[in-house]
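Asks: Here it is: the structure, laid out below.
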Amino acid sequence: MKGYHGRFLEVDLSGGTCRDLPLDDEFCQKYIGGATMAAALVYERMDPASDPLAPESPLVMATGPFVGTPLPMVSRYAVAGISPLSGFWGEATSGGVFPFRLKGAGWDGIIFSGRAEAPVYLHLGEGEAEIRDAAGLWGRDSYETQEAIKSELEDDQLSVACIGPAGEKLIRYAGIMNDKGRAAGRCGLGALMGSKNLKAVAAGGKLRPQLADAAKAAELAKQAAAEIKGNLVSLAFREYGTLMYTDMALTLSDAPAKYFSKNVFGVEPFTGQALRQNYSVKNYACRGCPIGCGRDLKQFRPGVDVDGPEYETMVAFGPLCLNEDVDAIIEANHLCNQQGIDTISAGVSIAYAIHLYEQGVLNLNDVGFALNWGDAEAILKLVRMICEQEGIGVLLSQGTLAMARALGREEGEAAQVKGLEMPMHEGRAFHGLAISYATGPRGACHLKGDYYNVELGGMILEYLILPGERLESAGKAEPAAKYQSLKDLYDALTMCKFSPIQVTQLCQMLGAVTGWEPTPEDLLAAGDRSMAIKRAVSNKRGLGSQHDTLPAVCREALAEGSNAGVSPDMDTLLSEYYAYRGWDPETGRPGQDKLIELGLEHVAKDLYGG
C-alpha cells in the first residue's frame, strides 16, 4: 500500500491489550482516512442503544493519506465516536505536530474500546505501543500533562494529545488538547476519552509510508506551497490569524451578538489588528504549514505566555456576551485550554445563561451573583464554575439544549443543532450556510460546508459551485451540499480547511501519494459516501429529518444589519437538499438506492433490511 501503513492499532483498555488491525486497499480507497474511515470503524463497532460513555463505545483517532508526506497543510488528525453532548455522530479535528508523530509511530490510527481500571496513557514509539500508568497525571491540566509525559519519557520530540480535568469529570463538551493549545474541541470527545480512564496518547517516531510517486508528490508540494504563500487570504491569515475576518463579519452581519439577537456591535477590540497592537503576538504554524494562523501571546502576564484566541472564541466570549474586555476573553480561552473544554459551546452556554437571567428565568439565588451583559468578571466566574462543576456551572456544562429542557424553555431558544452549539457565523447571513448547519453530520458546524467562503468568491469550478446572492435560499442547497461533501473529504485526507488547493490538484496529490487515479467526480462521490455513513451512524441512534433544522433564535429575521428582515427559507432549502442527496425527507435516512450507489450495501441492509 502507498500512503498508508496499512494498519490501525486496536487498544482494549479493559483488558490492557494492543493488537494490529490490518487495512486493505479497497477499504482505504472507499473511506480514504481521517473522520470518514473513523465513521466506517465506529459504524461496525457501535451499539445503538449504549450510552455514549459506556465502556463499549468506540473512540477513534485517525490520520489520512496526506499526513507524513511533503504536502503542505496536512498535519491534522480526526477524533471520532458517539458524541456525549448530542448522542449522535461526533467528530473533531486538530493540527499541530501530533498528527505527524501519530503516523510516524507506524499506524494510520487508533481504535480504543473498554475502560481501564485506573488512569492510563498510551505511549507509541516506532512500531511499539505501551499502556502506561497515569495515576500521577490525573487531575493535571492539559499543559502540565503534556510536559509531565515528555519529562517522564525523557523525550522532548514526543507530541501528546490529552484531556484536562474537564474530560476527567466527563463534562459534555470536553475536548482533547495537543501541542499546547491545539484542540479537537467539539462534540465532547474529551469526555469519551475520560470515560475510558484514558488521560493521553503520547506519540513519537518518524516512520513514513512509501509514496507511489515521491518525486511527483515533492513537485506538487512545492507548487502548492508557492500558491499558498502567494494567496491573498493566506497572507491575511498569516498577518492577523482568523481574527482577520472580524471586520468583514460585521459588514456582512455574519457575527452574532447578544445571544444571537443582534449582529451589530463595536468591532474594534476584536480584530486581528487590535490583537497585534495591544499584545506581543507570535505566529504559530502546524507542521508543514506556510501560513501560521495560530497566535501565541507572549508575557500576557509576567512570566506567562498563553495561546491567543481565534475568531470563534473571541466572538463567543466577546460580542455574543456583549463583553468588550479582551483581557478577560484571552483569560477565558486560556482557562478552557487548560481544563480542556470547547470554547464555542462554553461561550454560547454562558451567553444563554445571561439571556435567561435577563428574562428572569434564572435569578440571583440560582446563579449566586448577578449576570449582566458585558460583565467580564461574571463570565470568567461561570467558566470556572463549569470547569469545577460547581453550582450553576453543572447545568451550563451540559450545553444549551439540556439547559432549555431543564428549565422548561422552548428548544428553539437553545442555540444548537442536534445538541451541538452554534458557531460564530450566521445562517441568516449566508443561506447556503443555513442548510449546512441544519444537515451537518455532527450538528451545527461552520467547517462542514463553510459556505460563506463560496459567497465571498471561493469558487469550486470542477463542481460549478459559484458565488450567488447570499440571502437567497432557492437553488442554494445543491451547491451547498456539494461543498459540504468536499469539506468532509478534507477531514478524510486529512487536510486543513484553510488550504486554497483546488479539486484537480487534490486528485493529482492523492494519485502521487497512493497510486490511485481519482477524478473530481470520484472525490465528490467519496465526500457523499462520507456524509452518508456518518448520517447512518446517527440514524441508528435515532436521528430523523425532524433534527434537520435551525433553532428559532438563529433563524428568525433580525431588525438590523445588512440582512435585516431576511431569514433562510428552510422548507425550500431542505426540499432541494434531500432531493440532491437522495435522502428520504420523511425519515431523514439516506435512500436505499443511494447507499447502494455509494458502495454502502451493508448500511442499506441495516437501515432497510433485505
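Asks: When segment 361-380 is examined, which residues are found to be under 18 Å from V326 (Cβ atoms) and out of contact with any Lys or Arg (no Cβ under 8 Å at 6 or more places or on another chain)?
Replies: G374, D375, A376, E377, A378, I379, L380
Asks: Out of N365, N453, which single residue is polar (S, T, N, Q) and surrounded by fewer than 18 Cβ atoms within 10 Å (Cβ to Cβ)?
Replies: That would be N365, the only listed residue that is polar (S, T, N, Q) and surrounded by fewer than 18 Cβ atoms within 10 Å (Cβ to Cβ).
Asks: Run V566 past the list (1) under 30 Å from E421 (Cβ atoms); (2) outside any loop (DSSP other than H, G, I, E, B) and report the number of the one that doesn't hold.
Replies: For V566, the exception is condition (2).
Asks: Within the group A78, A134, A116, A148, which residue is in contact with a Gly (Cβ under 8 Å, 6 or more places away or on another chain), under 19 Å from N178 (Cα atoms), of a type outside the set (S, T, N, Q) and surrounded by fewer than 24 Cβ atoms within 10 Å (Cβ to Cβ)?
Replies: From the options A78, A134, A116, A148, the qualifying one is A148.
Asks: Can you name the residue in segment 189-216 that is surrounded by 24 or more Cβ atoms within 10 Å (Cβ to Cβ) and among the small types (G, A, S) and is also nearest to K2 (Cα to Cα) among such residues?
Replies: A203
Asks: Next question, about the same structure. Of the numbered conditions (1) at pLDDT below 95; (2) assigned to a loop (DSSP other than H, G, I, E, B); (3) not hydroxyl-bearing (S, T, Y), L207 satisfies every one except a single condition; which is it?
Replies: It is condition (1) that L207 fails.
Asks: Does K216 qualify as being touching a helix residue (DSSP H, G or I) at 6+ places or on another chain (Cβ under 9 Å) and assigned by TED's automatic domain parsing to the domain that holds A135?
Replies: no
Asks: Can you confirm whether L550 is part of a helix (DSSP H, G or I) and within 21 Å of R442 (Cβ to Cβ)?
Replies: On the way: part of a helix (DSSP H, G or I): no; within 21 Å of R442 (Cβ to Cβ): yes.
Judged against the criteria, L550 is not a match.
Asks: Please give the number of the condition P518 fails out of (1) of a type outside the set (F, W, Y); (2) farther than 21 Å from L464 by Cα; (3) surrounded by 17 or more Cβ atoms within 10 Å (Cβ to Cβ).
Replies: (2)
Asks: Give A39, A62 a once-over and let me know the one that is among the aliphatic types (A, V, I, L, M), under 25 Å from G188 (Cα atoms), touching a Lys or Arg at 6+ places or on another chain (Cβ under 7 Å) and surrounded by 24 or more Cβ atoms within 10 Å (Cβ to Cβ). It would help to see each step written out before you state the result.
Replies: Details: A62 fails: touching a Lys or Arg at 6+ places or on another chain (Cβ under 7 Å).
Within the list A39, A62, the selection yields A39.
Asks: When only residues in segment 398-434 that are without any contact (Cβ under 8 Å) to a residue 60 or more places away in the chain and of a type in the set (K, R) count, which is nearest to A346 (Cα to Cα)?
Replies: R405
Asks: Can we say G230 is crowded, with 19+ Cβ neighbours inside 10 Å, at pLDDT below 95 and either farther than 30 Å from T514 by Cα or of a type in the set (G, A, S) (or both)?
Replies: no
Asks: Do we find a residue being in a loop (DSSP other than H, G, I, E, B), more than 30 Å from L320 (Cα to Cα) and assigned by TED's automatic domain parsing to the domain that holds A135 anywhere in segment 188-200?
Replies: Scanning segment 188-200 turns up at least one residue that is in a loop (DSSP other than H, G, I, E, B), more than 30 Å from L320 (Cα to Cα) and assigned by TED's automatic domain parsing to the domain that holds A135.
Asks: Please specify each residue of segment 233-246 satisfying the condition of being of a type in the set (A, V, I, L, M) and surrounded by 16 or more Cβ atoms within 10 Å (Cβ to Cβ).
Replies: V233, A236, L243, M244
Asks: Out of V394, V383, report the one residue that is in contact with a strand residue (DSSP E or B) (Cβ under 9 Å, 6 or more places away or on another chain), closer than 22 Å to L170 by Cα, hydrophobic (A, V, I, L, M, F, W, C) and part of a helix (DSSP H, G or I).
Replies: V383
Asks: I would also like to ask the following. Condition test on V383, is it out of contact with any His (no Cβ under 6 Å at 6 or more places or on another chain), surrounded by 20 or more Cβ atoms within 10 Å (Cβ to Cβ) and more than 30 Å from A477 (Cβ to Cβ)?
Replies: Numbers: out of contact with any His (no Cβ under 6 Å at 6 or more places or on another chain): yes; surrounded by 20 or more Cβ atoms within 10 Å (Cβ to Cβ): yes; more than 30 Å from A477 (Cβ to Cβ): yes.
Considered against the rule, which asks whether it is out of contact with any His (no Cβ under 6 Å at 6 or more places or on another chain), surrounded by 20 or more Cβ atoms within 10 Å (Cβ to Cβ) and more than 30 Å from A477 (Cβ to Cβ), V383 comes out as yes.
The values are calculated or read from the model by the stated rules, or taken from the named source; none is laboratory data. Just so it is clear, the structure is predicted and the values come from calculations on it, not from any experiment. No Cβ is skipped: glycine too gets one built from the backbone with ideal geometry, and neighbour counts run over all protein chains shown.
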